[in-house]
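See below for the structure under consideration.
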Amino acid sequence: MKFGKLANAIKTSKLLHHYTGSTPKNNINANSKSWQPFVQKLFSGKNLLISNTVICCLMSGVGDLVLQSYEKLKSRRRNIDQRRTCHLALSGLTVGPACHFWYHILEKYLPGRTISIVLKKVFVDQIIFSPICLALFFVTLGVLDDSSFMDICREIYYKGKIIYTAEWCVWPPAQLVNFYFISLRFRVLFDNIVSFGFDIFQSHVRYKPL
């Protein structure tokens, strides 16, 4: 009885292949290949800058939305501050392009994926770009929130110091993976996937009273 069922299944599979010219495995491969041109177009050429910027905007906005939803659930706030979430999303318009061009500059002057090169990239990234990126983040939000110049400077010093200290626990190991395994065009995407939880923390620190 079992042999008969197996024979019928094989016969059905052969008929399917005969009439469609494909098998279930081929169909899966075909579906995966159909996405490749789209991904290729999205993460190459002029589209790469736009894609990286949009990714940064979305992840920053969603991160704050998650934080505010949690605070609302814990009765720490009554309503979602949509203006705040919008401002955090808009911060991606400056941070996104900065990350995009930074990775290209880093690859230009420190090309390759040897261990020594990757370690240099991680060190330079954390020492030079991370403080610049944080300052850009606070300045952008300060301008959007109509904060004074002194308030922005205070936030960069006090809140930026908290975030930068926390970054040393997250970004050096994450960037080791990023620079060694991930191709250049996907590095901002990987950066944002890793930083989703950090975006929540960053939002918490930014809107916490001094």
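Derivation of every value follows stated rules applied to the coordinates shown; laboratory data play no part. Because the structure is predicted, anything quoted here is derived from the model rather than measured. Using ideal geometry, Cβ is built from the backbone for each residue, glycine included, and neighbour counts are taken over all protein chains shown.
Here the 3J(HN,Hα) profile of segment 161-168, calculated from phi with Karplus coefficients 6.51, -1.76 and 1.60 at θ = phi - 60°, is 5, 5, 5, 5, 5, 5, 4, 5 Hz, Gly and Pro shown as x. If you wrap the tightest convex hull around every Cα atom of segment 104-167 and split its volume per residue, you get 88 Å³. Our coupling estimate for segment 59-72, obtained by passing each phi through the Karplus curve with A = 6.51, B = -1.76, C = 1.60 and θ = phi - 60°, is 5, 5, x, 5, x, 5, 5, 5, 4, 5, 5, 5, 5, 5 Hz, Gly and Pro reported as x. Panel note: the C-alpha atoms of segment 100-210, placed on their principal axes, show extents of 44, 24, 20 Å (largest first).
Among 171, 102, 35, what is the fewest-to-most ranking by other Cβ atoms within 10 Å?
In increasing order of surrounding Cβ atoms, one gets 35, 102, 171.
Ordering 58, 134, 158 by the projection of their Cα atoms onto the charge dipole of segment 45-206, which places +1 on the Cβ of Lys and Arg and -1 on the Cβ of Asp and Glu, puts 58 at the extreme positive end. Computed with the Debye formula from one identical point scatterer per Cα of segment 29-176, without solvent, the log10 of I(q)/I(0) at q = 0.14, 0.15, 0.20 Å⁻¹ comes to -0.87, -0.97, -1.33.
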